[in-house]
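In what follows, a single structure is set out as structure tokens and then discussed.
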Amino acid sequence: MECHITTEAAQLPRRLRAAHRTWPHLAGAVALAAACVGWVAPATAQSKFPDHTINYIIPFAPGGESDIAARLQEPFFKKYAGVTVAIQYRTGAGGATAWAQLNNMENTGYTIMGTNLPHIVLQPMQKGSGYDTDDLQNVYWFQYTPDALIVPAASPYKTLKELVDYAKKNPAKLTVGGTGTASGNQVAQVRFDKIAGIKTTYVPFKGTGAVNTALLGHHVDASWGYTTVRLGLGDQVRCLAVAMPARHPAIPDCPTFKELGYDMIGGVYRGVAVPKTTPKDIQERLSTILGQINKDPEFIKQMEKAGFSMVDVDLAGMTAFMAKMKKELVPAAQSLGLKP
Amino acid sequence: MTPVDFLLGALSVNNLLLSLLGVAAGIVIGALPGLTATMAVAVLVPFTFGMNAASGLIMLGAIYMGAIYGGSYSAILLNTPGTPSAIATTFEGYPMAKRGDGDLALTLACLVSVFGGLFGAFALLLIAPPMAQFALRFGPVEYFWFAVFGLTLIASLGEESMLKSLIGCCLGLLLAMIGLAEVGGDVRFTGGTSLLLGGIDIVAALIGLYCVPVLIDLVATPKPHLETSKHGAGFRLHDAMGVILRGKFNLMRSSVIGTIVGILPGAGGSIAAIVAYAEAKRGAKEGDGWGHGNPQGIVATESANNATVGGGLIPTLVLGIPGTPVDAVILGALLVQGIRVGPSLFSEQSSVSYVFMYGLIIATLIMLPVGLLLGRYAFKLIISIPKEVLTPAVAFMTILGSFAINNDANNVVQMVLLGGIGWVLGRFGFSVTPVVLGIILESIAESGFVQAYIIGGARGSLAGEFLGNPISMVIIGLIILSVVYATIRGRKRGSVNG
Amino acid sequence: MPAAEQVKRDVPGIVISAIVFGIGVLVLVEAQEFSPMGSIFPRTVAAIMMVFCAAYMIVAWRRPQPAGVGEQGSSLRRVGLFAVMLLWSIAFSTVGFLTTSVIAYAAITLLATYGRWTASRVASRLVAGIAILALFYLLFKVALHVPLPSGWLL
């Protein structure tokens, strides 16, 4: 009940602005009456939020990267926010089902949802996705799984150079698996093909499990996955290169594309969004909490061990970051036949 | 460490208690339509983080095993598979319950579930690494042919008109195409709204197609839901043992099928049970009351689906590739615990994984008394509750359950609408089972086909891709046999009728 | 049952086949907009399905079968139950899960009741209803963290 009152109060200033436009005469009186409430509201919201369990919705099936990252965050919510989180799943259409519904959910800050890049940029370019990229109010991007080109351990390609040489001589012969169509993996494939001047054949699979089976069984020659895939499969696979600025601490034997002469950095970013109408101060509080969790050394250690890489994009830097990502994805989207 | 140490590790009082708790919780959750094994395990994962790794895993394994078995309760008593794995259990289980043999069906389900569960768990313990290599031989083409084989089994399932079954199956295939195709990227048959973008949820479809028609017919007459047992709701262990002894071969074959299908990532308990059922029916003589409550049907389906638990854990633990959605959650829990899976887990005799495997075997054994007891109470409850309490309670559960799958209200509307369609179809001789089979197999068939087509195109030989490997040829052989068998049997039946 | 001996054409089956045939046509029309890869399956399945439908219509017309047992019981109650569940599923997210559930539960209880209401029967059903609603509501909402929508009311 308490939280309900504070949120109402937190919304007041905005309502006042609306009132000001429509009924100028009334506005003065209302402003006077609300002034005291408005005055204390941000402070109360700041100190009181959150005071009970936060619902953390994952738009993917349990067991995936988004779920694992959220599970690792879970204990740290208790540490920095003093409340528990309840992780829920709402799967469908590669996340689109959940994202299309986010703005209809309660805007108290107690409902937060995982978001993924490039999904939320590419999906709205297809018909009927039910949302626009700008509909999602992201409050924090906290990690990314860098793209990695992976081959089975018994593969004839020992290095990235050998694979690129083969692909150059045999256009479209090399099959490369990945999850989904017009997904993060396919973006990586078209980007690298362009940079390296090669042509490979992308084979979409339903989920990481399916593509890994095909990879280990040599049904595809290679796969576009993430650092997490290399760590999950261990020595059964070889990582030819990762799309990071520097080598990943958990897989030091895997070179970066940059080292090998290909200017490619990218991956799937994961963050948290809230319904658009969630009060600004609550959004900021969430952003602060997620930032504190993200800087906890113990949390960083666990995340890196699982193959994640940390990033920190908070609410203040969100607009600039999203604009940059959208611009970066335009060429890839065009090669995939999508209209930006 | 020796196996005895692992066994003793699994046998600690703490672990035994957790197994008991996990099995009981799993059975209850599995019995409620809409609460699947995946959800049961996902909800309880956080509780395991406070425990040591082996205990946490044992509890998850116990829940998993219990939930797959628990699905048979609602399948038998309400004609509603509690989890997708129990679809085929409705075929013979519900008719048995209707005629007053619900107690026998539940006892039988418990005994053969324990057997199948042990079979799968021992396969995991003893022959996991080579079996995992077998799973890897299954590529896109093999999955495509496997799904086609699954579709030919319809011929052995339906008692009604074959053409009607085939029409239903096509309808199911088309229903499953609604929404965004993750392989291919097309948005199909959504009518332009985002409501159908996620497609039809399989669990929502199951609840609707199987349970809503039962509810609709339940209110129409004052007759009781099930016949009361002539045997005073006992365990009927003696009768059940008789059925099992007569079906020894069926039990073994079904457990093998369950283990093998479980090993194939993406197939799952529902398909395993349907394949085992079809094979049992094919192996039996004509007549024998199949479709009208033949207990051998339960022997086949419940041993097969519980065998997939151990089978599905094989690629999960050996390769790090989850065999079923539940395995994906367990794999995630392992990762969060900081345990690396992979072949080394077996060669290095890692204590955690071996304690887990022995724990799974112990949990399955614990399921025997717990399952018998809970089954008896469930049976007594359902037959003693008056209709005007049972109907609204079950209706409430279908609404809750179909919402809980994805926390999505759209799934609930889908469930009710499909329920209405299912009733109309069933009333006029179109069984819903071919529809469900179509829904389940569509994505395996289509993604396998599309992938094989792309790969074959890249390698420059489509025919070689689709036909040129030993496993494909074996499956194609099975498909031909299956079709030939169905045609011969169809002729026979036709000549009898005509 | 004298009707069991009677031989009849399966008219409802023919009607359903015709409807499904129509669905096949719609699928073929819509599949024209899909990518080549995404249209192979819908087209093939729709075409095969239409063949089966046509075959069934011909067989059922030419070869009447022994008529099965007719529908028993109250059609009104059947329609009533379906209508209640449909309204329930559509309304609960806006109106509120608990409110709609209580109303729908009561309605279905009435639909499923045969015989006379006595005071003790009313009381026992009331207690059972409240217990079942409370138990499952709390199980899902509290123990399983399912966000059951509160809507306008509750």
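Worth a mention:
- Relative contact order of chain B, pairs being alpha-carbon contacts under 8 Å that are 6 or more residues apart, as %: 29
- Highest GNM mean-square fluctuation among A:Ala241, A:Ala273, A:Ala250, for chain A modelled with Cα contacts below 10 Å: A:Ala250.
- Cα→Cβ-extended label distance, 7 Å offset, between C:Gln32 and B:Leu8, nm: 7.6
- Restraint check, A:Lys206/A:Lys305; A:Lys127/C:Lys141; A:Lys199/A:Lys258; A:Lys127/A:Lys206; A:Lys295/A:Lys326, Cα-Cα greater than 28 Å: A:Lys127/C:Lys141
- Taking amide H atoms as placed 1.01 Å from N in the peptide plane, the amide H of A:Val242 lies under 5 Å from those of A:Thr256, A:Phe257, each 5 or more residues away in sequence or on another chain.
- Segment C:Leu139-C:Gln65, length gained on full extension (0.36 nm per residue, minus Cα span): 21.7 nm
- Based on DSSP H segments of at least four residues, each scored -39500 (n - 2.57), the protein assembly as shown has a per-residue ellipticity at 222 nm of -21000 deg cm²/dmol.
- Phi angles of segment B:427-440 translate, via the Karplus equation with coefficients 6.51, -1.76, 1.60 and θ = phi - 60°, into HN-Hα couplings of 4, 10, x, 9, 5, 7, 4, x, 4, 5, 4, x, 4, 5 Hz per residue; Gly and Pro are given as x.
- Three-way shape call for chain B based on the alpha-carbon gyration tensor, with the a/c threshold at 1.5: rounded
- Pairs of Cα atoms nearer than 8 Å and 6+ residues apart set the relative contact order; for segment C:75-143 it is 31 percent.
- Charge context of B:Tyr453, other residues only, Cβ under 13 angstrom, K/R +1, D/E -1: -1
- Segment B:350-423 versus segment B:48-70: alpha-carbon centroid distance in Å: 17
- Taking the square roots of five times each eigenvalue of the Cα gyration tensor of segment C:75-143, the equivalent ellipsoid has semi-axes of 22, 19, 8 Å, listed largest first.
- Using a Förster distance of 30 Å, the FRET efficiency for A:Asp263-A:Ala320 (Cβ separation, nearest 0.05): 0.90
- In sequence order, calculated HN-Hα J values of segment B:391-406 (Karplus, 6.51, -1.76, 1.60; Hz; x Gly/Pro): 4, x, 5, 5, 4, 4, 5, 5, 5, 4, x, 6, 6, 5, 4, 10
- For B:Gly338, net neighbour charge (Lys/Arg +1, Asp/Glu -1) across residues whose Cβ lies under 13 Å away: +2
- Relative to one another, the C-alpha centroids of segment B:143-192 and segment C:26-68 are positioned 12 Å apart.
- Theoretical gain in end-to-end length, A:Glu162 to A:Lys295 [0.36 nm per residue, Cα-Cα removed]: 44.0 nm
- Working from Cα pairs under 8 Å separated by at least six residues, relative contact order for chain A is 23 percent.
- Expected-Rg normalisation [2.2 N^0.38 Å, Cα atoms] applied to segment A:145-242: 0.94
- In order along segment B:320-330, the Karplus-derived 3J(HN,Hα) couplings, from 6.51 cos²θ - 1.76 cosθ + 1.60 at θ = phi - 60°, round to x, 10, x, x, 9, x, 5, 4, 4, 5, 5 Hz, and Gly and Pro are given as x.
- Percent of Cα pairs exceeding the 27 Å cut-off, where the set is chain A: 49
- Given R0 = 35 Å, the distance between the Cβ atoms of C:Val25 and A:Asp235 translates into a calculated FRET efficiency of 0.05.
None of the figures in this text is laboratory data; all of them are computed from the coordinates on show. Quantities reported herein were computed from a predicted structural model and do not represent experimental measurements. Don't worry about glycine lacking a Cβ; one is built from the backbone with ideal geometry, like all the others, and counts go over all protein chains shown.
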